[in-house]
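**Student:** First the structure, which I've put down as structure tokens, then a few questions once you've had a look.
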Amino acid sequence: MTTLCIICTIGLVGCQVKSADEKKQEQPIQESEQKAEDLKKPVTTEQQTESVVVEIIDPSTKAIIQTITPKEMGYERDNQSYTKQIEQLAKELARGNEKAAGYDKRMILNKLDDQGKLMKGSPLIVLKESELVERILEASATGGKVEMPLYITESGYYFEDIPYLENVVVASYTTYFNTDDVGRNKNIELSAKAINNVIVGSGDYFSFNTVVGPRDEANGYQPAPEIINKKVVMGIGGGICQTSSTLFNAVDQIPVKFVERHHHSLDVGYVPKGRDATVSYGGLDFRFHNTSDVPFLIKANYSKNSLTVEVRTAEKFVEILKKS
């Protein structure tokens, strides 16, 4: 009897284990069926919008520059406010802010060194803000990647024309200075050297501040008198306005368009009244656009008491550069 009871007990345990296994096998089937049912359910608009992100991509590196979540910024809830935020974002990406520089870059013009070898500058880079805003708004409903619309413009001339750009002087202007003003004269000399041999291609923009760079002691500039708010004061780099003004009077003889030019608050003696072009690094600039269809070369010749700026070009371009 004892033996029979043990066998029956084992048999019962075996039945219990089998029953538990069957339950375990049934559970995944039930979960799969539930997931299948969930998939059949439509995704709500709220769920779709929550998962939408827009990635802003640098087209040259393919790196993600910024990621935005439209819903968090008010998309569909307040589209006017959302658009303004996107416009501000595009502006900061293009022009920069306190923390980072923007993508927009002025052209640094190519120039020739003392041996006549080409010194490469860098192209004009413009991030088209309105186009970026439009692309982001289009992607805001569904999400995705948005490439920044960067437009790159190289200097407008052909390499084979370089050896001939010095051939003919088409415009020239000379100003004079006192040989006793040692610091001021040094500043004129340094700034003249900076603009000397600069190639201005067709369609190029010339910026005096970009070409000359910072006027500080680290770059050799010295204290000298300068005009600020109708007063003559001492400042590092005083005198460079004679260089920018001499340049203005030279290029004013050819077909260029002046983008930025400012007058001194007092008359200066080295050019006629109203014929000056004052500059200050990080502030006032002298800029012009070469609206002719041909390139030209700027030459700046400094002597002990005078500065002459010439505009030169190849003989085949002379007639085009004559101002009508």
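**Student:** Looking at Gly213, Gly203, can you tell me which residue is touching a residue at least 40 places away in the same chain (Cβ under 8 Å), on the phi > 0 side of the Ramachandran plot, buried (at least 17 other Cβ atoms within 10 Å of the Cβ) and in the same structural domain as Phe286 (by TED's automatic domain parsing)?
**Tutor:** Details: Gly213 fails: buried (at least 17 other Cβ atoms within 10 Å of the Cβ).
The unique qualifying residue is Gly203.
**Student:** So, one more: What's the number of the only condition in (1) within 20 Å of Ala194 (Cβ to Cβ); (2) modelled with pLDDT of 95 or more; (3) surrounded by fewer than 18 Cβ atoms within 10 Å (Cβ to Cβ) that Lys304 fails to meet?
**Tutor:** Answer for Lys304: the failing condition is (2).
**Student:** Just wondering, is there one or more residues in the stretch 287-294 that are under 30 Å from Gly238 (Cα atoms) and in contact with a Leu (Cβ under 8 Å, 6 or more places away or on another chain)?
**Tutor:** In the first step, residues of the stretch 287-294 are kept if they are under 30 Å from Gly238 (Cα atoms); the result is 287-290.
In the following step, the residues that additionally are in contact with a Leu (Cβ under 8 Å, 6 or more places away or on another chain) were identified as none.
Scanning the stretch 287-294, I find no residue that is under 30 Å from Gly238 (Cα atoms) and in contact with a Leu (Cβ under 8 Å, 6 or more places away or on another chain), so the answer is no.
**Student:** So, one more: Go through the stretch 61-71 and give me each residue that's surrounded by 12 or more Cβ atoms within 10 Å (Cβ to Cβ) and more than 16 Å from Thr142 (Cβ to Cβ). Let's see the steps before the verdict.
**Tutor:** Kept after step one, since they are surrounded by 12 or more Cβ atoms within 10 Å (Cβ to Cβ), are these residues of the stretch 61-71: 65-66, 68-71.
Scanning the stretch 61-71 gives Ile65, Gln66.
**Student:** Which one of the conditions (1) among the polar types (S, T, N, Q); (2) within 31 Å of the chain's Cα centre (by Cα); (3) closer than 26 Å to Ser303 by Cβ does Thr179 fail to meet, given that it meets all the rest?
**Tutor:** Among (1) among the polar types (S, T, N, Q); (2) within 31 Å of the chain's Cα centre (by Cα); (3) closer than 26 Å to Ser303 by Cβ, the lone unmet condition for Thr179 is (2).
**Student:** Moving on. Suppose we keep only residues that are of a type in the set (Val, Ile, Thr) and more than 20 Å from the chain's Cα centre (by Cα) within the stretch 137-166. Which one would you say is farthest from Gly96 (Cα to Cα)?
**Tutor:** As a first pass, look at the stretch 137-166 and keep what is of a type in the set (Val, Ile, Thr): 142, 146, 152-153, 162.
Cutting the leftovers down to more than 20 Å from the chain's Cα centre (by Cα) gives us 142, 162.
Details: Thr142: 28, Ile162: 35 Å.
Here the residue is Ile162.
**Student:** Only one of these is under 12 Å from the mean Cα position of the chain (by Cα) and of a type in the set (D, E, K, R): Lys111, Lys105, Lys117. Name it. Outline the logic, then answer.
**Tutor:** Values: Lys111 fails: under 12 Å from the mean Cα position of the chain (by Cα); Lys117 fails: under 12 Å from the mean Cα position of the chain (by Cα).
Matching residue, one of Lys111, Lys105, Lys117: Lys105.
**Student:** Here is a further query. Name the residues in the stretch 164-176 that are surrounded by fewer than 19 Cβ atoms within 10 Å (Cβ to Cβ) and not in a strand (DSSP E or B), would you?
**Tutor:** Tyr164, Glu166, Asn167
**Student:** Follow-up question, since we're still on this one. If you take just the strands (runs of 3 or more DSSP E) that sit entirely in the stretch 251-324, which of them hold at least 3 residues that are not hydrophobic (A, V, I, L, M, F, W, C)? Before you say what the answer is, go through the steps one by one.
**Tutor:** Values: elements: 257-260, 287-289, 296-302, 306-313.
Passing ranges, in order: 296-302, 306-313.
**Student:** Moving to a separate point now. Among Tyr157, Tyr176, which is touching a Ser or Thr at 6+ places or on another chain (Cβ under 8 Å), among the aromatic types (Phe, Trp, Tyr) and farther than 30 Å from Val232 by Cα?
**Tutor:** On the way: Tyr176 fails: farther than 30 Å from Val232 by Cα.
Going through Tyr157, Tyr176 in turn, the sole match is Tyr157.
**Student:** With respect to Gly239, is the statement that it is surrounded by 14 or more Cβ atoms within 10 Å (Cβ to Cβ), modelled with pLDDT under 90 and at positive phi true? Can you show your working first?
**Tutor:** Details: surrounded by 14 or more Cβ atoms within 10 Å (Cβ to Cβ): yes; modelled with pLDDT under 90: yes; at positive phi: yes.
Considered against the rule, which asks whether it is surrounded by 14 or more Cβ atoms within 10 Å (Cβ to Cβ), modelled with pLDDT under 90 and at positive phi, Gly239 comes out as yes.
The values are calculated or read from the model by the stated rules, or taken from the named source; none is laboratory data. Everything numeric in this text was worked out from a predicted model, so none of it was measured. Every residue, glycine among them, receives a Cβ derived from its backbone with ideal geometry; neighbour counts consider all protein chains shown.
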